[in-house]
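The values are calculated or read from the model by the stated rules, or taken from the named source; none is laboratory data. Nothing here was measured: the structure is a model prediction, and the numbers come from that model. Cβ coordinates were reconstructed from backbone atoms using ideal geometry, including for glycine residues, and neighbour counts include every protein chain displayed. To get the accessible areas, we keep the full protein, side chains included, count just its heavy atoms, and leave off ligands, DNA and RNA. Shrake-Rupley method; radii C 1.70, N 1.55, O 1.52, S 1.80 Å.
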Amino acid sequence: VLMYLRHETGHAINYAFELWKRKDWAQTFGEFRRPYRDVYNPNPWSRDYVRYLHRAGMYHYAQKHPDEDFAETFAVWLTPDSQWRARYAGWPALRKLEYMDLLMSEIGPRDPVGGAGKPVDPLPRIRRTLRTHYQRKRTKYGVAYPNFYDRDLRRLFSDKPEFASHVTAAAFLARIRKQVRQRVARFTGEKQYAIDQMIEDIIQRSQELGLRLAGPEDLAQVDFTALLTAQTVNALHGRRHRLAL
């Protein structure tokens, strides 16, 4: 819940202080008045954005709109012990965090720009919980990206009842994660961290699909390494192709 509250606090501060009107805000995050898209096509390898709600299943949410980019960056900045300077060292996203640090120091002593205004949704009338709200958001936005793995994952693993006693795909992938990551990095030249993020997405998606091993582990490892290599190469070249296994 605190993750979501930090993100929404970023929105509240942005609007209360009308930060989005500032020229340096637009230079850092983009044009606020850009159309807000329900469907967006994120680049999972981009280091121009922080990754925050990513851990809650809302994948690459900062790439959705400059307003979300600001809220995600604020949430990372606000999180205690996030060590964002070290975590994002060498990333273009670090410039946004440094801007956030200076901006919050600047506006800290100030009062918000506008008055109280009229409540949009008075609290006594709200019946939806924060959990339900974000579950719906996750369903609408977060799962759209992992679905692009589904066909390949179902070729490697299975959710059929006859395999219910087999090890879960998520547990298997977690076990081979390090060696596969190193191997794919060697094959493709991509950084291990970026590859690990894709593996994390796949593990979570495997859990959501309830997948389990359906065959020998050694064959599954070879096939998964080939799948991950293909997806890494496709991502590096801006494509999303499925691997025929």
If we ask which residues in the range 99-131 are part of a helix (DSSP H, G or I) and at pLDDT 75 or above, their number turns out to be 11
Within the range 183-239, how many residues turn out to be part of a helix (DSSP H, G or I), more than 22 Å from the chain's Cα centre (by Cα) and farther than 30 Å from residue 165 by Cβ? 3
Qualifying positions in the range 18-64 - open to solvent by less than 40 Å² (accessible area, probe 1.4 Å) and modelled with pLDDT under 85: 40, 42, 44, 45, 53, 54, 56, 57, 58, 59, 60
Cross-chain or 6+ apart pairs with Cβ under 7 Å, the range 74-85 first and under 20 Å from residue 107 (Cβ atoms), then surrounded by fewer than 19 Cβ atoms within 10 Å (Cβ to Cβ) and of a type in the set (D, E, K, R): 77/101
So, in the range 72-113, exactly how many residues are of a type in the set (D, E, K, R), over 21 Å from the mean Cα position of the chain (by Cα) and over 17 Å from residue 25 (Cα atoms)? 2
